[in-house]
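To start, the structure under review is shown below, and the notes come after it.
The values are calculated or read from the model by the stated rules, or taken from the named source; none is laboratory data. Only a predicted model underlies this, so the values are computations on that prediction, with no experimental measurement involved. Cβ sites come from the backbone with ideal geometry, for glycine too, and all protein chains shown count toward neighbours. Areas reflect the complete protein model, heavy atoms only, side chains present, ligands, DNA and RNA absent. Shrake-Rupley method; radii C 1.70, N 1.55, O 1.52, S 1.80 Å.
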Amino acid sequence: MAGYEDSGLRHLVYPLPTHPCSLPLKPLKTIGLRYFFLSTLVVALCAQMGLVVWTLVRFTQIEHWSPGIQFFGNEMIQTKGLTKSAVNNLQEGTWFHLVRIREDGGIKVTQVDADSPADRAGLRPGDMVISIDGTDLRTRPEAYFQARLRSRPGDQFNLAWLRDGNMQNGILTLEATEHVRYAVEVNQEELVLGVGAMTWFQRSSYLIFPMVLLVFGTWMGFRRPGNKIAFQCALLFLATALSVSPAFHPMIAGWPDWVLSLSIFVITLAYFLEFWLLFSILTVFPIETEFGSWMRKRARWILIPIFAWIVIRIIYLLSLTNGWNSDSIQTIISLVESVPVPALPVLVIFIAAGLLLAQHSVARRQQYTRLQFINVGFVSAFVLAPVWTITQPGTFMVTWVMVPLQGALLPLLVWLLDHVVLVGLKCILPLSFAYSVLAHRVFGLRFIVGKSLRQFISNQGVNLLLSLGLLLIIYETITFAATGVEVSDLLIMVVTAGFILILVGGWTLAKPAVIRFIDRYLFRDEIENRQRLFRLRRELTHFQDRNALLTGTGSELLEVLDLSYVAIYLSDGPRKSIAVAWYDVNKKFISEPKKDGSFFSSSTGKIEALLKLMSPERPLVESEDPYVQNRVSELGYELIILLRGELHAQGCIAIGAKVSEEPFTGEEKEQLLVLAAELEMVLKNIKATTSLSMQTQRLKRLSNRLINIQESERRRLARDLHDDTGQALTALKMSLEITRNELPGDADHTAARLNDAVVLAEDTLEKLRVISHNLRPPTLDTVGLNSALEGLCKNFKQQTQIPVSYVGMDTTEISNPIDICLYRILQEGLTNCAKHGQASHVDVSLKRNGEVVQLSIQDNGQGFDLADTLSDQNETGIGLIDMQERLESLNGRMNVYSKPGAGARLVATIPLEEK
């Protein structure tokens, strides 16, 4: 229900607006700290990823001088020895191998290639290597990886191993191998690759996950630094990316001791940071519950034990890499190894599930939508991904002969299903958080497909695909040219290439039509809303009343953008406080407490303080803008758009969130800014028009008063002339006649002179009677307007010999001053007909048309040009202006129709006064 608030809602007058740069320092410090934390994590993650990539590149090099020995799960096996268990062990990562070496008491040899450096050194399958170059692997298991990572062809390793309980020693000399090939075998189908390709084939999928997290974390953190939840999600993504990096490759354990120790410290703290951020986010987002509040108050009883466990785990991992072996360290090692590895992830799942279930019980529709996305992310990352890892669907399908592929494609499909899909399942969690925090709603499938398709088409995506197809055809043609190509095959390739070239050339012409088709059928509502906003901007200039303007603008915004509520605050002057000029709430929007007039009125003081922080350079602020200390969100609005005045901010448009919680697009914000600018102009015009109208009303009242005074003076003068002067002249005439009659018979000369005096007195009396009648026709007061007008027409005919046709009406409802106004207009009009029109006939009519009375005067004279007549300011123009002023004083109007040689017609219309 729309409502208005009068200007009586006043607040204290604030000082003049400050400079926009003089903003509070607190939010700036907060933003600075957030940028610092984000930058630190990004740099740490980039450094970690850089070391991992360098390690993978280095591993592809050192495999060319492999010792010809395979330890349990530590290195890829060459073509003849690849097994499923060995491949699976490659996925375990750094900590698995270090712990396994310490538990086994060394590195167990599983295979030795014939005539390899290991074979010549005396190693055999089943041996347990316990030291390398004098370093005991039982206390320093990373020594083997460090030695291998720094190795060069020709390096010698002094190895010690146990065989059947006996100590043996040998020198292992590395030899370079030109070609090193590896194979992935699935159901007797092999994919043979070089060492570099196999390394990236096995490990590249693990790089996708942290890279996705890095992109989303950086994007969210730096895009919305003022949004606390978005900032925490960004840190969560970066911390998760750090925590998964040890699983990339066992050779990470070959880093220098200080780098590995620092990496262990950072990564393990990232585990705690990941849990703490997840806890902080889910206790308040998307809605805070009693259960969440209860947990936040007891956060220390949850986070402190986990932090203590993380510290213990840091000590445990550092002991693996630094050879710590004291009694206290052994106690810590026993404690850590007694706790199952999945304990912490299971705890995270249970806490997250409890918080999400509590939020589901109280969530509104929009919040429920966000929760569904977050649920999908958690189920995908914490349920489906572990199950996927255990079941290995690709391997399972191939084992049961459910995939009809042969050759190298079969291992590729297994790798795609078991590795890439697994990474995709993990990536759904950050995607769901990013979408829930920043997108605010579930876009329909048509919207997602349409936007993606339109973006793809608009950015030359089709041309890229067609060009790629053409390049593939050219590549295949060149590849098979050496072995010979059939004429039919060559013909098919040429025809296909020609068809692609035609498509590439014709797509430029077809693209606009395709884009129009997508816009018409997939974004119809969006285009219609854009057009409605454009029409609204165009129609603003038609409004003449401020209330009608605000109602039309606000109601259209509420409907077009599907807003929950909108309010317009305005001030009547630079020294006056703002007030709610208009507000409305969408019927589809349900909130507790209900948004009513008190809600909008209570915000006026804060709105006014906020406007003083805004400037013409920043006319729009959002709810998450850190530079206004989140004042917009505290007020319950999403956008505040400044309405500028001549010397001060005259108000603002306060816009609530959309009912669907869809974010405002950049185009919508631009349209709102343009709409606000045009609204400012229209408000300024209405204000000027109102001021001009008030001045016109004052002039009209003054003119009406002058006319009334004039008619009153004429009435008084006519009455005085009739009652005093007329009576005196009548008495003088009678006296002269008596004197003339009393003269003797011989006084002829005197009698003639008295006769002349009597005639003069009679003429003067008649002229006085005419003057008195013109000043105030007595018939108006005696017989009424209709008879007065009819008499005026007869007198005009007698005086000018111009026939006048008069059609009248009952004028009992017409009173003064309308009657005298119509009489004067007819009087002036007939005079103009005789004096300027040179008419031979005049038609006069008086009639009632609804609530107005109309007087029409039409002649068949020579006519005139109205514009020239008024611009020349001649007598006729002055007469017309005088008639128009008389009518305007009574809210009437005058229409004149004439052109040279076609006569003239004058219509005077006056609204009747209500009795």
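Give the residues of the stretch 324-363 that are touching a Pro at 6+ places or on another chain (Cβ under 9 Å) and in contact (Cβ under 8 Å) with a residue 60 or more places away in the chain, sorted by residue number.
Taking the stretch 324-363 first, the residues touching a Pro at 6+ places or on another chain (Cβ under 9 Å) are 342, 345-346, 359, 363.
Passing the criteria: Gln359, Ala363.
Restricting attention to the stretch 837-856, and to residues there that are crowded, with 18+ Cβ neighbours inside 10 Å and at pLDDT below 85, which single residue is nearest to the chain's Cα centre (by Cα)?
Residue satisfying both the conditions and the ranking: Gly837.
Which ranges mark the strands (runs of 3 or more DSSP E) fully within the stretch 775-860 that have 3 or more residues being farther than 21 Å from Gln884 by Cα? Step through it out loud before you land on a result.
Working: elements: 804-807, 842-849, 852-859.
Answer list for the stretch 775-860: 804-807.
Wholly within the stretch 543-625, which strands (runs of 3 or more DSSP E) include no fewer than the required count, namely at least 1 residues that are open to solvent by 20 Å² or more (accessible area, probe 1.4 Å)?
Working: elements: 565-570, 579-585, 620-622.
Where strands (runs of 3 or more DSSP E) fall fully within the stretch 543-625 and carry at least 1 residues being open to solvent by 20 Å² or more (accessible area, probe 1.4 Å), they are 579-585, 620-622.
Out of the stretch 529-563, which residues are of a type in the set (D, E, K, R), within 17 Å of Glu667 (Cα to Cα), touching a residue at least 60 places away in the same chain (Cβ under 8 Å) and touching a helix residue (DSSP H, G or I) at 6+ places or on another chain (Cβ under 6 Å)?
Arg537 - this is the single residue of the stretch 529-563 that is of a type in the set (D, E, K, R), within 17 Å of Glu667 (Cα to Cα), touching a residue at least 60 places away in the same chain (Cβ under 8 Å) and touching a helix residue (DSSP H, G or I) at 6+ places or on another chain (Cβ under 6 Å).
Could you pull out every one of the helices (runs of 4 or more DSSP H) wholly within the stretch 228-297 that has 3 or more residues that are of a type in the set (Val, Ile, Thr)? Show your work before the answer.
Values: elements: 228-244, 257-282, 290-297.
Answer list for the stretch 228-297: 228-244, 257-282.
Looking for something closer than 19 Å to Glu668 by Cα and modelled with pLDDT of 85 or more - is there at least one such residue anywhere in the stretch 597-615?
Within the stretch 597-615, not a single residue is closer than 19 Å to Glu668 by Cα and modelled with pLDDT of 85 or more.
For the subset of the stretch 741-758 comprising residues that are open to solvent by 60 Å² or more (accessible area, probe 1.4 Å) and modelled with pLDDT under 70, which member is farthest from Pro777 (Cα to Cα)?
Only one residue fits best here, namely Asp746.
Restricting to the stretch 883-904, give me the number of residues that are open to solvent by less than 70 Å² (accessible area, probe 1.4 Å), in contact with a helix residue (DSSP H, G or I) (Cβ under 8 Å, 6 or more places away or on another chain) and either over 11 Å from Asn860 (Cα atoms) or modelled with pLDDT under 80 (or both).
8
Checking the condition over 24 Å from Ile267 (Cβ atoms), at pLDDT 75 or above and out of contact with any Gly (no Cβ under 6 Å at 6 or more places or on another chain), which residue from Ser151, Ser85, Ser116 passes?
Ser151
Out of the residues in the stretch 130-158 that are out of contact with any Lys or Arg (no Cβ under 8 Å at 6 or more places or on another chain) and part of a strand (DSSP E or B), state the one that is surrounded by the most Cβ atoms within 10 Å (Cβ to Cβ).
It comes out as Ile132.
Can you confirm whether the stretch 656-671 contains a residue that is surrounded by fewer than 16 Cβ atoms within 10 Å (Cβ to Cβ) and among the β-branched types (Val, Ile, Thr)?
There is at least one residue in the stretch 656-671 that is surrounded by fewer than 16 Cβ atoms within 10 Å (Cβ to Cβ) and among the β-branched types (Val, Ile, Thr).
Could you list, in sequence order, the residues of the stretch 316-343 that are surrounded by 12 or more Cβ atoms within 10 Å (Cβ to Cβ), of a type outside the set (Ser, Thr, Tyr), assigned to a helix (DSSP H, G or I) and more than 49 Å from the chain's Cα centre (by Cα)?
Hits for the stretch 316-343 are Leu318, Leu320, Asn322, Ile329, Gln330, Ile332, Ile333, Leu335, Val336, Glu337.
Output the residue which, of all residues in the stretch 252-265 that are out of contact with any helix residue (DSSP H, G or I) (no Cβ under 6 Å at 6 or more places or on another chain) and buried (at least 20 other Cβ atoms within 10 Å of the Cβ), is modelled with the lowest pLDDT.
Top of the filtered list is Trp255.
Considering the stretch 192-248 alone, what residues qualify as being at pLDDT 85 or above and polar (S, T, N, Q)?
Across the stretch 192-248, the qualifying residues are Thr218, Gln232, Thr240.
Test Phe307 against the criterion of being of a type in the set (Phe, Trp, Tyr), more than 29 Å from Leu262 (Cα to Cα) and assigned by the TED database to the domain that holds Trp415, and give yes or no.
Details: of a type in the set (Phe, Trp, Tyr): yes; more than 29 Å from Leu262 (Cα to Cα): no; assigned by the TED database to the domain that holds Trp415: yes.
For Phe307, the condition - of a type in the set (Phe, Trp, Tyr), more than 29 Å from Leu262 (Cα to Cα) and assigned by the TED database to the domain that holds Trp415 - is not met.
Outside the structural domain of Arg546 (by the TED database) and at pLDDT 70 or above: does that describe Arg714? Please lay out each step first, then the result.
On the way: outside the structural domain of Arg546 (by the TED database): yes; at pLDDT 70 or above: no.
Spelling it out, it is not the case that Arg714 is outside the structural domain of Arg546 (by the TED database) and at pLDDT 70 or above.
Regarding Arg530, is this residue in a helix (DSSP H, G or I), charged (D, E, K, R) and open to solvent by 90 Å² or more (accessible area, probe 1.4 Å)? Walk me through it before giving the result.
Numbers: in a helix (DSSP H, G or I): yes; charged (D, E, K, R): yes; open to solvent by 90 Å² or more (accessible area, probe 1.4 Å): no.
Here the answer is no, as Arg530 does not meet what is asked.
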